[in-house]
Structures are given as structure tokens and as C-alpha cells.
Amino acid sequence: MMNITLKVWRQKNCNSKGAFESYPVEGVSPDMSFLEMLDMLNERLIKKGIEPIAFDHDCREGICGTCSMVINGRPHGPIKGVTTCQLHMRSFKDGDNIVIEPYRAKAFPIIKDLVVDRSSFERIMVAGGYVSVRTGNAQDANAIPIGKHEADEAFNAAACIGCGACVASCKNSSAMLFVGAKVSQYALLPQGKPERKDRVLNMVAAMDAEGFGNCSNTGACEATCPKGLNLTHIARLNREYISAVLS
Amino acid sequence: MALDSKIPAGPIETKWTNHKFKMKLVNPANKRKYTVIIVGTGLAGGSAAASLAELGYNVLAFSFHESPRRAHSIAAQGGINAAKNYQNDGDSVHRLFYDTLKGGDYRAREANVHRLAEVSGNIIDQCVAQGVPFAREYGGLLDNRSFGGAQVSRTFYAKGQTGQQLLLGAYSAMNKQISEGRVQFFPRHEMLDLVVVDGKARGIVTRDLNTGEVKSWAADAVLLATGGYGNVFFLSTNAMYSNATAAWRAHKKGAFFANPCFTQIHPTCIPVSSGHQSKLTLMSESLRNDGRVWVPKKAGDNRPANQIPEDERDYYLERLYPSFGNLVPRDVASRRAKEMCDKEHGVGATKLAVYLDFSDAIKRLGKAGVEERYGNLFDMYQQITGENPYEVPMRIYPAVHYTMGGLWVDYNLQSTVPGLFVLGEANFSDHGANRLGASALMQGLADGYFVIPYTLGDYLATKGTDKLTTSHEAFKKSEEDVKAVTKKLLAVKGKTTVDEFHKKLGLIMWDYVGMARNEAGLKHALEEIRKIRDEFWKDVLVPGSETEFNQELEKAHRVADFIELGELMALDALERNESCGGHFREEYQTEDGEAQRDDEKYAYVAAWEFKGVGEKPELHKENLTFEYVKPSQRSYK
């Protein structure tokens, strides 16, 4: 069993001023997940009459993209390719001090404590993150053959879970990896070709309007992305954007 | 009240086609005069929202999530079935129909299941057209894999993230409609009541989870696509927020709840490690394509897996079921794992696990070959357990995964409350007593893309338009009721947290209403659950207030409903004196330990009518008739 100390950002709501609070947590098992450690702390806080720490989480298996905190300066914590919910306490040591903050970005206002509002991502997707196809009698699925290489690359782009860690890790709070992933997926597939120009223009315009910054190629997003999305998608986004503007 | 399933007449192959023609249509110009509420925007709700908005209806879509992409459909791993027969291995609509009905242990409606099989191929076409990146072969065509309960390869997949990709497809279709203004999406809004006016579902009351605001919404029809109730057990593979509150509150307003005891325990999950565990993680059933399940032959064998020689291992599924082997349906695989552990052949520290071994697959396919198929699942396993499954066999144990039961619906997906339709896992309709792998995604999308767009039109065309608004007194009454429950929860100020109650309930459910049930255990569970309910309302501790973001208050509402639903599940399991699919009553088994159905007495859907908290609900029976597939003892030998 380990004893650790958490330094957690507490903020009542988006209008109030926040501050760090320290909480010693005793009796932490290395087999616990990070969020189970927070569950345990919250149960203790509730019994002491202290408001539990609000944090976002849901599937706890690394796919829904809901969990969103910054642990010791890194979105999703220290392990590469892992979301906060899959992080386990065996990644920490007895006596550790762990700092937990919400994502910090203009386009992700804080709702409470560690919970942020990522609806800006929704508005970008609404601006063009789709292929316009009506429900009905689509052509037979095998009528659109797609080379395995393109299909796999499109899948890699589509693996984005929309968690926003790319934004939180970027000094410019840029959402270009998030946007680049969706633009890439459809640019690689024949189904996405007819709308590719409008899509990239509309999604980039929405991204700018939400207050996300630009990419300056530091690569922090790639290093942080729990699903291993890489800068190629940003390069493809730039290429798609330039060709849409110029043609 | 007699239950009318409204199954159309005629031969099974033409029922749906004829029904579609006979149903009334709403004129294109009139569709915009109708408003439809959709609660839940996972696969079923999201696909319904997109499809209905494309038709021209005004759609108001609600989710307690911040985005439709967070719905738990996203976590489905292995794949989606469709009778495409791309593999030329003998698949057909009839075979998918047959496999699904048999897999469900003959407790589903033939007509529903056939319709599901009929539209399955169209779902794949639709998803590919949306740009869903399914796995492909080098020639550019779609790849398939096989799944439990079937002897053909009909499962389409996108690595171990099929649910994610299908959900993002439905989400993208929904986003297109949001951009055109035909869908209004309300994130972080939880439905806390159904509003019924003149006997018809006419709206809902929600709580804005950010601000606490309680608000009414009126519509011409209400669709629930709110998922299953596996979290009654506390520990399950469901997401932490997954809950039954919308469905349960609709039940309290008159929607019958069908077959609540039909729960699916998935055989391949990562075992519980200790009491702090908050949820369980599924390892896709697709792993059983290449992994071999075994336990040591000797009871109480404590040697590590690698030190147990081949001839001292019992590959019990291959031994007991030579033709299906490791790919027997979920209920069978789960029960056998429990049996092995009960007989002290379990492995790992807790002895509540069996091995799923990939060493033969790694020899055959190479490490890279296995990684290509299951890489993300292996990574996930290692992250959670700290063990490398390429080197040591995985340890797995069954966990609650899916609920076949749900709100009763007729062939048109309409509940017993006119105007209330129920889609996806939230309804009871297509899987009988056990769902086959890769069929949940199929059913969710079938309901949303291809069934409700037709059947809802028929209802609305018959109902006609009117000018009902939320100023009607029924809405005010519902709002007051919702606020009163919230106030009551906050006012208890007891000593026990919501999670403590939830865990207590979960243990009772798992021990007595889980993988194996018996009369004495179920009676004991009923008493215990009632005690938990009484204690909950006397001693629950909910911090904070109702006018703010308050996750404990959200949970308190949900757990209050889980407790009541848990009681109904135990009651239903007690009343069904037979074993079928996921419902295994120890008193009713064959000599080989298989589920023993009683078709003479129990070939019916048990639909329960709510009569008040603490009152015995009334049982209504919908008799099941089988014209095309003769029920037999399921055999996977």
C-alpha cells in the first residue's frame, strides 16, 4: 500500500476563482486505477462533509474520451498511449506528490474543478465532420473497393477519441490534430472526396472561431495523444486546406 | 390489458415488406409540423435522430453526455453481424435469423428477429457510405471474422473498435442534421420523467446537469434509446454513467418492463482484482477465435501457467463442445467458467479466473499476426493487469455485460404507452434470453436507421398534429415531482454514500441474481433489496445542492432507480421456473448441466406493469409462437 499527496485544482464554477488544495491519500493499492484512487478519496471527502472533486470519466476503458485531466503537467498522465482512466497507481511511488489540473484552454472553459466544457469540438464537427449520405439504399458495401493501405490509414485517423489532450498539451491550444484527424479520414477515403474542399474550409473556419490557436510544429500533441495520432494528419490538413483555398 | 405484439400477417419473408407498404405515410410537407424527442444518442438514438431529421421531422435529441460520441456504444469492440455472405460460406438471411433465435434460446419473437436479419446487410452498406473504416482485405473488399454461436464468418469489424467507428458514423450523420437545423442537440441533459397526456407520451422533463435547471419539453412522440441496465450490478462492463433512469421512470408512467431477469454475463472480461474496483473491462469475444480457454486439470493447482504441461491442461470448452469449441455462445461459456472455478480449477490470485491462451495462435500467425488482429486489446489487458499476454495467458472471468430485457415494445417498437417508442438495448425485443456477439450493434442500428423511420411515421400520421405545449398542467406536475425527488434525496443527509449503497446492491445481485440463480437465493435477494431500499431513503448522504453541477446527486437519482429495478429483476427470475439463455435456474438443468427450458409453461415474454414502489407489479404474458424454427434443446456439441 502507498501513501501519496494530491494537489488538486478546485473551482466551484466557471465564474469563480480556483485554487489548488492538497489532500493526503493513504492506503492506495498499486492495482487501483488512478480514477479509483480518486473515487476512494471522494468517498472519504463526502464523509468528512467536504465536497467531492468533480471530474469527468465514463467508460474507464480508454475509448469514450470523457476523462480529461492533466496529471503532473501531462494530459492523461505519464504513460504514453494511455488515457487517464487506464492509468494505474503502479505507475506511481509511495510518497509521491501528484498535481492534478483541468485542461486549460480558452476554448475549453471550466465547468467545475477538473470538468471542462468541450462543446467547441462539437461545433467544429457540425461544421463539416461528415459525409453527406442519406439513410436508405446505399450501394452495396463492396461496390467501393478501398486499398488496404488507405483503409488502414483512414482507420488510424478515425481512432481519435475527441478527448482534447492535444489541445491541452499545446502551448498554442491548437486543435489541429483533432481537426486534421477527421479531415484526413475523409480525404483518404473515396466517400469523402466530393465534399473535401468545403469540409476543410468550414472546419478550419469553425476551429478559428472557437479560439483555438495555430500549429507551430512542436509535436506536443503527438507525444500526448492517447491513441497515437501523429503529425501526418496535421500535414494533410494543411495540404487539404491550401489546395482548397488555391483551387 | 392484453399485449398486442402487432406482428403483421403473412409469410415471415414478406412480413416487413408488406408492413412497410401498409403503414401510413406522413406527407413530406407535413413532416416539419411534427416534433420528436429522442433520449439517448448512442447507436440507436443517434441513427434515429439522423434518419428522422433527414425525413423532415423536427428532432430534439437529449443526452446526459457532453457529446453523442461519448455514448457507451463506443466501447463495443468485436464487430457487427450482417448476412452478406461475402465469404461464400453458406450464410443467408435465414441462417442469421436462425442463429439469432437459437442463440436467444427461443425466447424472442420470430418476426422481429427475421426483420433484423433482413436489414443487416443494408446497415453495412449505409455505414460504408458514411466513411466508416471497416477492416479490408488487400483486394480492397471488406474482411470478416467469426463470432460465438455461429459457424459462418459474418462479422464486420474495425480492429477492436467497431462500436467506436459505427457510433462516429451515426454521430457524423447526426451532425450533418444539426448543421441543417433539423436536429437540436441538448448535451448534459438527463431525462428524469416522461410526460403522458391523455394516455399518450407527449414529452419529458430533464435536469440540466451543468446548472441543475429542471425543464419540460413537448413533442408528438418520445423515443427512448437509453441503453441497458447492467449497472444494477455495480460492477459491469458498462460505463460508469450508464443507467436505467429514463427507462425506469417511463416504466413508472405505464411502460411495461419485459424479461428484466434476462441479463448477459460476458465470458471474457478481466477478473476483479479487489474491493476498490469501479468497473470491469471486457476483452472482445473475437479473442475466442484464436485464444484457447483452459484450466489446470488438477483442482487447486497453484503453478504458474507456463509450468503446467500440455497434458495437465483441460481445454474444457473444446472437450465439451467439439463442434463449436471456444466459440460457444456467451451464456454457455460463462456458466462453464463459473463451474470450473466452483470446482476449484480457477487460476490467479483470487482463483476466480480461467486462462485464455494465445500461444498456439502466436505459433501459427506470428506475434505480428496476433498484434494485427488484437493489438489494442492486448495493450489494454497489459495496462490493467500489468501482465504481458504475449508471454503469459490472459486471465479472464465472466462479467455483467448486456441486458436482453428492457421496456416491452411491439413490432413497431412502440411501448405500452402510445407514442413512446424504445430502441436499441433499452427495449427487450430481438435477443431473447441471450444475445449473440456482434448483434447489439446490428440491432441498435437496425432500429434507428431502418425500423423507426417507417413505424414512427405510421403512428404520427394516425395521431395527427395539435398544439400541445409545456404549459399543460401535466408538465408542471412532472416538474414538481422531479424537484420533490431531488429535494428528498438531498434532505436525508444520512451517513452512507451513494456508492456504498450501489456496491451493496451489486453484491446481492451478483450473488443471487447473477450467473446462477435458485428459489431460496432469489427470495433472500428480494428481502435484502427491499432492506437496501428502505435504508437508502433513511441514510443516504448526498452532498451539495440541486442548483449546480453535482455528480453525487446524479448518481443518487440513478441508484434509487437501480434498487427498484433490481427488485423487479429478482422477482422476474423467481417467477420464471425454467432455465433459458442467460437465465440459469439451478433447479432446471439437463444432466450435462445445460439450461433446461420449459416451453410448455414459459414460452412467453414476461411484461411487468408497475403498481407502486413496494407493491407487487402485475405480470402480463405475451405468448411466443414458433412457426419457422422449432424450439429444441440448444446444442453446440
> Can you pull out the residues in the range B:516-525 that are closer than 16 Å to B:Pro260 by Cβ and surrounded by fewer than 19 Cβ atoms within 10 Å (Cβ to Cβ)?
Replying inline: none
> Looking at the range B:258-280, which of its residues are in a strand (DSSP E or B) and either more than 15 Å from B:Gly230 (Cα to Cα) or not hydroxyl-bearing (Ser, Thr, Tyr) (or both)?
Replying inline: B:Ala258, B:Gln264, B:Ile265, B:His266, B:Pro267, B:Thr268, B:Cys269
>> On the basis of being in the same structural domain as A:Thr84 (by TED's automatic domain parsing) and assigned to a loop (DSSP other than H, G, I, E, B), does A:Asn15 make the cut?
In response: yes
> Taking the stated definitions as given, is A:Phe155 crowded, with 16+ Cβ neighbours inside 10 Å, without any contact (Cβ under 8 Å) to a residue 60 or more places away in the chain, hydrophobic (A, V, I, L, M, F, W, C) and out of contact with any helix residue (DSSP H, G or I) (no Cβ under 7 Å at 6 or more places or on another chain)?
Replying inline: yes
> Can you spot a residue in the range A:187-207 that is in contact with a strand residue (DSSP E or B) (Cβ under 6 Å, 6 or more places away or on another chain), at the interface with chain B (Cβ under 10 Å from one of its Cβ atoms) and farther than 29 Å from B:Asp447 by Cβ?
Replying inline: no
> In this structure, is B:Ala239 part of a loop (DSSP other than H, G, I, E, B) and modelled with pLDDT under 95?
Replying inline: no
> Is it the case that A:Asp198 is in contact (Cβ under 8 Å) with a residue 60 or more places away in the chain and more than 16 Å from A:Gly162 (Cα to Cα)?
Replying inline: yes
> Can B:Ala255 be described as part of a loop (DSSP other than H, G, I, E, B), within 14 Å of chain A (Cβ to nearest Cβ) and at pLDDT 95 or above?
Replying inline: no
> For the subset of the range B:526-554 comprising residues that are part of a helix (DSSP H, G or I) and touching a Pro at 6+ places or on another chain (Cβ under 8 Å), which member is surrounded by the fewest Cβ atoms within 10 Å (Cβ to Cβ)?
Replying inline: B:Glu552
>> Give me the residue from the range A:100-134 that is more than 7 Å from chain B (Cβ to nearest Cβ), under 22 Å from A:Lys227 (Cα atoms) and among the acidic types (Asp, Glu) and, out of that set, farthest from the chain's Cα centre (by Cα).
In response: A:Glu101
> Of everything in the range B:311-326 that's part of a helix (DSSP H, G or I) and of a type in the set (A, V, I, L, M, F, W, C), which residue is surrounded by the most Cβ atoms within 10 Å (Cβ to Cβ)?
Replying inline: B:Leu317
> Can you name every residue in the range B:223-235 that is crowded, with 22+ Cβ neighbours inside 10 Å and part of a loop (DSSP other than H, G, I, E, B)?
Replying inline: B:Ala225, B:Thr226, B:Gly227, B:Gly228, B:Tyr229, B:Phe234
>> Can you tell me which residue is farthest from the other protein chains (Cβ to nearest Cβ) among those in the range B:62-111 that are crowded, with 22+ Cβ neighbours inside 10 Å, more than 23 Å from A:Cys163 (Cβ to Cβ) and of a type in the set (S, T, N, Q)?
In response: B:Thr100
>> For the range B:617-631, which positions are touching a residue at least 40 places away in the same chain (Cβ under 8 Å) and not aliphatic (A, V, I, L, M)?
In response: B:Pro617, B:His620, B:Lys621, B:Glu622, B:Thr625, B:Phe626, B:Glu627, B:Tyr628, B:Pro631
> Can you pull out the residues in the range B:35-61 that are hydroxyl-bearing (Ser, Thr, Tyr) and buried (at least 24 other Cβ atoms within 10 Å of the Cβ)?
Replying inline: B:Thr41, B:Ser47, B:Ser51, B:Tyr57
> Looking at (1) part of a loop (DSSP other than H, G, I, E, B); (2) touching a Gly at 6+ places or on another chain (Cβ under 9 Å); (3) within 15 Å of B:Met394 (Cβ to Cβ), which is the one condition that is false for B:Glu344?
Replying inline: (3)
> Does the range B:471-480 contain at least one residue that is within 30 Å of B:Arg576 (Cα to Cα) and among the aromatic types (Phe, Trp, Tyr)?
Replying inline: no
>> Every residue in the range B:470-515 that is basic (Lys, Arg) and surrounded by fewer than 19 Cβ atoms within 10 Å (Cβ to Cβ), please.
In response: B:Lys476, B:Lys477, B:Lys483, B:Lys487, B:Lys488, B:Lys493, B:Lys495, B:Lys503
> Within the range B:283-310, restricting attention to residues that are among the hydrophobic types (A, V, I, L, M, F, W, C) and crowded, with 16+ Cβ neighbours inside 10 Å, which residue is farthest from B:Asp379 (Cα to Cα)?
Replying inline: B:Ile308
> How about the range B:71-112: which of its residues are among the polar types (S, T, N, Q), in a loop (DSSP other than H, G, I, E, B) and within 19 Å of the chain's Cα centre (by Cα)?
Replying inline: B:Gln77
> Considering the range B:282-310 alone, what residues qualify as being over 28 Å from A:Glu61 (Cβ atoms) and either among the β-branched types (Val, Ile, Thr) or part of a strand (DSSP E or B) (or both)?
Replying inline: B:Pro296, B:Ile308
>> Just to check your reading of the model, which residue among B:Ala333, B:Ala337, B:Ala361, B:Ala399 is out of contact with any Pro (no Cβ under 6 Å at 6 or more places or on another chain), more than 14 Å from chain A (Cβ to nearest Cβ) and at negative phi?
In response: B:Ala361
>> When you check A:Asn97 against the structure, is it in contact with a Lys or Arg (Cβ under 8 Å, 6 or more places away or on another chain), more than 10 Å from chain B (Cβ to nearest Cβ) and touching a residue at least 24 places away in the same chain (Cβ under 8 Å), yes or no?
In response: yes
> Which of (1) in contact with a helix residue (DSSP H, G or I) (Cβ under 9 Å, 6 or more places away or on another chain); (2) β-branched (Val, Ile, Thr); (3) part of a helix (DSSP H, G or I) does B:Thr465 not meet, given it meets every other one?
Replying inline: (3)
> Tell me, which residue of the range A:40-88 that is at the interface with another protein chain (Cβ under 8 Å from one of its Cβ atoms) and part of a helix (DSSP H, G or I) is modelled with the lowest pLDDT?
Replying inline: A:Gln86
>> I'd like to know if the range B:557-579 contains one or more residues that are at positive phi and not charged (D, E, K, R).
In response: no
>> Looking at A:Asn230 and the list (1) modelled with pLDDT under 95; (2) surrounded by 15 or more Cβ atoms within 10 Å (Cβ to Cβ), which single condition is not satisfied?
In response: (1)
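The values are calculated or read from the model by the stated rules, or taken from the named source; none is laboratory data. Small disclaimer: the values here were computed from a predicted structure and weren't measured. Every residue, glycine among them, receives a Cβ derived from its backbone with ideal geometry; neighbour counts consider all protein chains shown.
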